[in-house]
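The structure appears below as structure tokens.
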Amino acid sequence: MLKCLLAPVAVLYKAGVTLRHRLFDWGLLKSEKFDIPVVCIGNITVGGTGKTPMAEMVVGYMSQTHRVALLSRGYGRRTKGYREVSCDSHYRDVGDEPLQIKLKFPETVVAVCEKRAEGIRRIRAEHPGVDLIVMDDGFQHRYVEPKVNIVMIDATRPVQHDRMLPLGTLRDLPEQLHRAHYFIVTKCPERMAPIDRRILRKVLIQVAYQRVYFTRFESFIPQPLYAGEAAPEPLTHGRQVIALSGIGNPKPFLQSLRERYEVVAEMTLDDHHVYKVRDMHALEALLSEHPGAVIVTTEKDAVKMTRREKVPEAVRRTLYYQPINISFIEDSATDFLQKLEEDVRGN
């Protein structure tokens with residue numbers, strides 16, 4: 001019944017997205033090119049596909065040879081227009097993911113603007129030394145024509161079997177994948193069968209120059225968010241933990257915790273959740289129910305709780321975050337990054 005009700009909405013949504021792309025293809029809506037290279041990291045689905053870890057990888061590598069700026073829409077922020085992110089910005093003003101990146105790369109220019117072309121112009125005017133812009137999420141935006149498009153694909157939700165919103169998770173047309181230069185397939189099983197890789201390559205590659213890389217998320221030992229208040233010893237295998245997440249797809253995060261620890265409770269919230277006093281009270285209640293447990297959350301959630309005065313002492317003493325990065329399965333990350341550097345420098 002629900003599918004029957006949503007089907008007409010999905011048809012209308014697809015028609016609207018198709019028309020918008022046609023307007024760009026016909027030149028009625030304009031894509032703007034810039035005099036410095038723009039690397040766009042995007043996807044065609046909703047939910048977490050790993051854009052932020054990929055952006056961090058690209059920024060970290062490219063900063064060795066370029067003056068990099070990162071531009072994001074700043075999804076979920078309460079502000080509008082162009083804003084530059086500082087290490088003491090509030091995530092409600094700039095978005096959780098841009099703040100996370102700024103805290104990791106404090107010397108990098110990080111800005112948010114819903115109008116990406118305007119954002120690039122402001123960066124160029126205010127930071128003339130910048131010679132490379134990494135645009136976090138913007139593949140479907142099209143008002144900016146990037147030099148390189150990196151598209152993240154979730155291996156657990158193959159695009160050939162997905163449907164348009166709201167029936168499925170597609171927010172853009174699979175036919176638009178011809179504009180991608182690189183596909184990064186994330187969340188691959190550790191022993192992904194060669195035939196599964198061949199099928200995905202056949203589905204994704206529409207133009208000869210496109211490259212496909214297969215990856216998975218690699219998680220590390222959780223670290224205390226408040227180092228001065230938590231026990232200095234690392235969490236031991238089998239420790240009781242309360243899993244806290246407010247991300248697009250929490251399944252990999254929860255699975256990684258279950259493989260190492262005893263997950264005694266889960267607090268799963270919406271993506272880009274705004275933490276409030278009632279959430280802190282709920283965490284205190286869970287700690288009272290499980291006095292031997294600690295709280296483990298994601299990096300994206302952790303940046304929302306860095307203001308010590310807003311977090312109760314009981315939560316601060318037990319709050320850890322789990323660092324992750326993207327691990328390449330077949331080819332090395334170096335191979336991908338070196339090819340990306342060649343494309344950025346190429347004419």
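The values are calculated or read from the model by the stated rules, or taken from the named source; none is laboratory data. Since we're looking at a predicted model, the values are computed, not measured. Backbone-built Cβ (ideal geometry, glycine too); neighbour counts: all protein chains shown. When the accessible area is computed, the model is the full protein with side chains, heavy atoms only, and any ligands, DNA or RNA have been set aside. Shrake-Rupley method; radii C 1.70, N 1.55, O 1.52, S 1.80 Å.
Pairs meeting the criteria (first residue in the stretch 156-167 and part of a strand (DSSP E or B), second residue modelled with pLDDT of 95 or more, beta carbons under 6 Å, at least 6 apart or on different chains) are Met164/Ala10; Met164/Tyr13; Met164/Lys14; Met164/Leu170.
Within the option set Arg201, Arg216, being open to solvent by 10 Å² or more (accessible area, probe 1.4 Å), closer than 30 Å to Ala293 by Cβ and at pLDDT below 95 holds for one residue only, Arg216.
A count restricted to the stretch 175-194 and to residues that are farther than 22 Å from Ala333 by Cα and surrounded by fewer than 16 Cβ atoms within 10 Å (Cβ to Cβ) stands at 2. Screening Tyr209 with (1) among the aromatic types (Phe, Trp, Tyr); (2) in contact with a helix residue (DSSP H, G or I) (Cβ under 7 Å, 6 or more places away or on another chain); (3) modelled with pLDDT under 95 gives one miss only, at (2).
Inside the stretch 89-107, residues that are open to solvent by 10 Å² or more (accessible area, probe 1.4 Å) and closer than 20 Å to Gly129 by Cβ make up a count of 4. Inspect all residues belonging to the stretch 190-209 and state whether any of them is under 25 Å from Thr298 (Cβ atoms) and not in a strand (DSSP E or B). There is at least one residue in the stretch 190-209 that is under 25 Å from Thr298 (Cβ atoms) and not in a strand (DSSP E or B). Quick one: is Glu56 surrounded by 19 or more Cβ atoms within 10 Å (Cβ to Cβ) and either over 25 Å from Lys339 (Cα atoms) or in contact with a Cys (Cβ under 8 Å, 6 or more places away or on another chain) (or both)? The answer is no for Glu56. Checked against the criteria, Glu284 does not count as within 30 Å of Arg73 (Cβ to Cβ), of a type in the set (Asp, Glu) and either open to solvent by less than 40 Å² (accessible area, probe 1.4 Å) or more than 22 Å from the chain's Cα centre (by Cα) (or both).
For the stretch 64-145, the helices (runs of 4 or more DSSP H) that sit wholly inside it and include 1 or more residues that are of a type in the set (Phe, Trp, Tyr) are 91-94. Condition (residue is among the charged types (D, E, K, R) and out of contact with any Cys (no Cβ under 9 Å at 6 or more places or on another chain)) applied to the stretch 64-72: is it met by at least one residue? For the stretch 64-72, residues among the charged types (D, E, K, R) and out of contact with any Cys (no Cβ under 9 Å at 6 or more places or on another chain): present. When Gln206, Gln240, Gln255 are checked against the criterion of being surrounded by fewer than 16 Cβ atoms within 10 Å (Cβ to Cβ), within 23 Å of Thr45 (Cα to Cα) and in contact with an Asp or Glu (Cβ under 9 Å, 6 or more places away or on another chain), Gln206 stands alone in meeting it.
Checking the structure you have, find out if any residue of the stretch 23-34 is assigned to a loop (DSSP other than H, G, I, E, B) and surrounded by 18 or more Cβ atoms within 10 Å (Cβ to Cβ).
No, the conditions are met nowhere in the stretch 23-34.
The single condition among (1) among the aliphatic types (A, V, I, L, M); (2) more than 20 Å from the chain's Cα centre (by Cα); (3) closer than 26 Å to Ala117 by Cβ that Val203 does not meet is (3). Being over 18 Å from the mean Cα position of the chain (by Cα), crowded, with 16+ Cβ neighbours inside 10 Å, basic (Lys, Arg) and at pLDDT 95 or above, is that true of even one residue in the stretch 68-88? Looking for residues that are over 18 Å from the mean Cα position of the chain (by Cα), crowded, with 16+ Cβ neighbours inside 10 Å, basic (Lys, Arg) and at pLDDT 95 or above, one finds at least one in the stretch 68-88, hence yes.
Looking at the stretch 298-340, which of the residues that are out of contact with any Ser or Thr (no Cβ under 7 Å at 6 or more places or on another chain) and among the acidic types (Asp, Glu) is surrounded by the most Cβ atoms within 10 Å (Cβ to Cβ)? Checking each candidate, the answer is Glu299.
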